[in-house]
Amino acid sequence: MNEMRPIRAKSGTNQEGTSAHNRRVMIDALRLNGQLSRADLARATKLTKQTVSNIIEDLERDGLVVSLAAVRNGRGQPSTPYRLVPDGAFAIGLQIDRHVTRAIAVDLVGTVLVRAQANLPPGGPANGAKVILDLIEHVRTELAASAEQAEKRLVGLGVAMPGPFGLATDNDDQWMMAAWQNFPLLETLAAGTGLEVALQNDAAACATAERMVGAAHGIDHAVCLYVGFGIGAGLILNGELYAGANSNAGEIGMVLLPPTLRRADQTSLEHRASLASLYQHLGADPSDPGLPERLNMLVNTGDPSIVSWIDAAAEELRWGVQIIETIFDPQTVILCSTGPEALTRKLLEAIHPLLPSNANRPGRSIPRLQLGMTDPWSVALGAAAEPISRAFDPRFSAILKTRANALS
């Protein structure tokens, strides 16, 4: 293999007691680059060749890595490239939204293997919990039928739903789905599935999906501006998803403008520029299965009602992008949405020109704002990617945990 080509990878550490972190670093490097030789891995991760060889042998034995045919470059000895085994691990992701729930199963590299959805009945979690457990069981059964080792290698269940979490709210608050937040959701899902369960908000889930298989793949500093029923920001900082002290980081949809710029009704950003505001503007029922097709038609025909909403929402989101760039200094902002691609693309175009910020610098190789996923399944995909990330991605916390165990 060409020893001079740039390789995207995090650094490992040759200190004693950090093997778990180094395994994650190696898996991450293979995920980012596709296939690498042991020499490539040693050079990119700054680990010794012996450490790399030991970890590769362990990963092969665990069924996570496989060797490929040797490659000869120039006059040197042939090198053996390695790649991840997609069937090395599986995860299930669940999205819970106001009217629908979606579930997805993915493999180690983020390929979607099974997906299914169901309408949520009225009555909140009292009636919806069984629907969700049945949906997960359906996806799990389909996954087991398509992949022989799926049940044995299932690393967890990721759940995504609107935030913020842990606030005192009225059970009838549809914006925050308070009834679901006040329900013992994780305990119910863990008991019903026997899986390890973790929760994140929908914007963070979109960022997780973008990091694994989307526009943020291989980028260490990115913010995903998510326009769904509400608005949020998924923060990828130093290559890791940042959740905040209470898993509420990135709730930019709740931002109020300064008094001199605030509208008379003093509503937050998501009440003015989210898909929910569009549905209200059009007098549309968000539970209508034909709504995406209707929105596409309105966009493609240049209907004045949707054009006016796009212009107004873009003005609001332009401020959001400027705030994100100023506070977080990302390499790029990625506009994601569960709305149709045609609508999100028009919205992206209308947000330009961007306001001045510290991101407006010469020599940029990545656009300040770019289009990300515009798929109603992207939140569920990110939820499924989270257990994979939790099990295999390099994290500073993995080093701290290993060192703490070594000292105890």
Exercise. What ranking, highest mean first, results for peptides 48-54, 227-233, 20-26 when packing means the other Cβ atoms within 10 Å averaged over each residue?
Worked result: 227-233, 20-26, 48-54
Problem set entry | Packing-based order for 382-391, 205-214, 109-118, 354-363, using average beta carbon neighbours within 10 Å, highest first | 205-214, 382-391, 109-118, 354-363
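Among DSSP bridges having both ends in the chain, what percentage is antiparallel? Round to the nearest 5. Intermediate values should be presented prior to the final figure.
Details: 29 of 48 bridges.
Approximately 60 percent, going by the DSSP bridge assignments.
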For this session: Would you mind telling me the share, in percent, of accessible area of the range 127-187 contributed by carbon and sulfur at probe 1.4 angstrom?
Result: 50
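Show me the ranking of peptides 282-294, 234-246 by mean Cβ neighbours inside 10 Å, starting with the highest.
Highest-to-lowest ranking by the protection proxy: 234-246, 282-294.
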For this session: Take every DSSP beta bridge with both residues inside the range 90-234 and express the antiparallel ones as a percent of the total, to the nearest 5.
Result: 65
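Semi-axes of the equivalent ellipsoid for the range 18-134, please: Cα gyration tensor eigenvalues, times 5, square-rooted, ordered largest first, whole Å.
Numbers: eigenvalues 354, 40, 23 Å².
Working through the eigenvalues yields semi-axes of 42, 14, 11 Å.
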For this session: Find the lysine pairs in the chain meeting two conditions, Cα atoms under 22 Å apart and a separation of 8 or more places or different chains, and report how many there are.
Result: 4
Seminar exercise, completed: Rounded to the nearest 10 degrees, the helix 125-146 long axis (Cα) sits at an angle to the longest Cα principal axis of the chain of 40
For this session: Please work out the average accessible area per residue across the chain, using the 1.4 Å probe convention, and give it in Å².
Result: 46
Seminar exercise, completed: All alpha-carbon distances of the chain, grouped into 20 Å bins from 0, give the whole-percent distribution 26, 54, 19, 1
Seminar exercise, completed: Between the Cα axis of helix 49-61 and the main Cα principal axis of the chain, the angle (0 to 90°, nearest 10) is 70
Problem set entry | Helix-derived mean residue ellipticity, 222 nm - over the chain, DSSP H n ≥ 4, -39500 (n - 2.57), to 500 | -13000 deg cm²/dmol
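How much net charge surrounds His352 when only the other residues with a Cβ under 13 Å from the Cβ of His352 are counted, with Lys and Arg +1 and Asp and Glu -1?
Working: positive: Arg318, Arg345, Lys346, Arg368; negative: Asp311, Glu315, Glu349.
So the environment of His352 carries a net charge of +1.
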Exercise. By the scheme Lys and Arg +1, Asp and Glu -1, what is the net charge of all other residues having a beta-carbon under 14 Å from that of Ala249?
Worked result: -3
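Of all accessible surface on the range 243-344 at a 1.4 Å probe, what whole percent is carbon and sulfur? Mind showing how you got there, number by number?
Values: 2550 of 4830 Å².
Accessible surface attributable to carbon and sulfur in the range 243-344 totals 53 percent.
The values are calculated or read from the model by the stated rules, or taken from the named source; none is laboratory data. In this text, all values refer to a predicted model and were calculated from it rather than measured experimentally. Note that we place each Cβ from the backbone using ideal geometry, even for glycine, and neighbour counts take in every protein chain shown. When the accessible area is computed, the model is the full protein with side chains, heavy atoms only, and any ligands, DNA or RNA have been set aside. Shrake-Rupley method; radii C 1.70, N 1.55, O 1.52, S 1.80 Å.
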